[in-house]
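Right, one structure below, let's go through it.
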């Protein structure tokens, strides 16, 4: 009887671990973020990353810098997506994340890639730097984790389009991201 009970407990524990380690489908993550953003009058900053990506880790660290994290918490719902993992780590990926990148013309942009949505799921901006006036449907160069002057300027422009951050707050954000340039 003890053996059966122990087997049951182990099986239940394994099932719980497996259920917790399966990432949610990307569409579900995005839809939940959109719903929260609409309710809280925020935008969604959707970030696509992978465990092997050093610049992805820098992006996360920059967004969580204590000097600017409250600004992102106030104006954005951040939705994280794992995509393009290495062989053997595919189980870390959000199912459908690569499809989302393709849907929003960012499939071949490298990582990190980010998209900014309003509360109605309209794409406002993304990490691609394009010529002035070019539509979001055209291809540009991925800013990734903004660090170089042009990348940070693009990121700040995207934040201006999607929030009511003031110039002082945007300068604080730019300063944090510019620190990544020094560390290259």
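Since every read-out is calculated from the coordinates, none of them should be taken as a lab result. From a predicted model like this one, the values you see are computed outputs, not experimental measurements. Cβ sites come from the backbone with ideal geometry, for glycine too, and all protein chains shown count toward neighbours.
Relative to the longest principal axis of the chain, what angle (0 to 90°, nearest 10) does the C-alpha long axis of helix 26-40 take? Compared with the principal axis, the helix lies near 60 degrees. Spacing of the modelled spin labels on residue 22 and residue 150, each 7 Å from Cα toward Cβ, amounts to 4.4 nm.
Sequence gap at least 6, Cα distance under 8 Å: using those rules, report the relative contact order of region 89-184 to the nearest whole percent.
22 percent
Between the Cα long axis of helix 2-21 and the first principal axis of the chain there is an angle of about 10°, rounded to the nearest 10. Compared with the dominant principal axis of the Cα atoms in the chain, helix 149-162 is inclined by about 80°. For the chain, averaging the sequence separation of C-alpha pairs within contact (under 8 Å, six or more residues apart) and dividing by the residue count gives a relative contact order of 23 percent.
In this label model, residue 51 and residue 74 are separated by 3.6 nm, measuring between points 7 Å along each Cα→Cβ vector. If the chain linking residue 168 and residue 122 were pulled fully straight, counting 0.36 nm for each residue of separation and taking away their Cα-Cα distance, it would gain 13.9 nm.
Return 59, 132 ranked ascending by Cβ neighbour count within 10 Å, so the fewest neighbours appear first. Could the numbers behind the result be given before it?
Values: 59 25, 132 4.
Sorted ascending by nearby Cβ count, the order is 132, 59.
As a proxy for reagent exposure, 164, 43 were ordered by neighbouring Cβ count within 10 angstrom, fewest first; the result is 164, 43. Roughly what % of DSSP beta bridges within the chain run antiparallel, to the nearest 5? Around 60 percent antiparallel, to the nearest 5.
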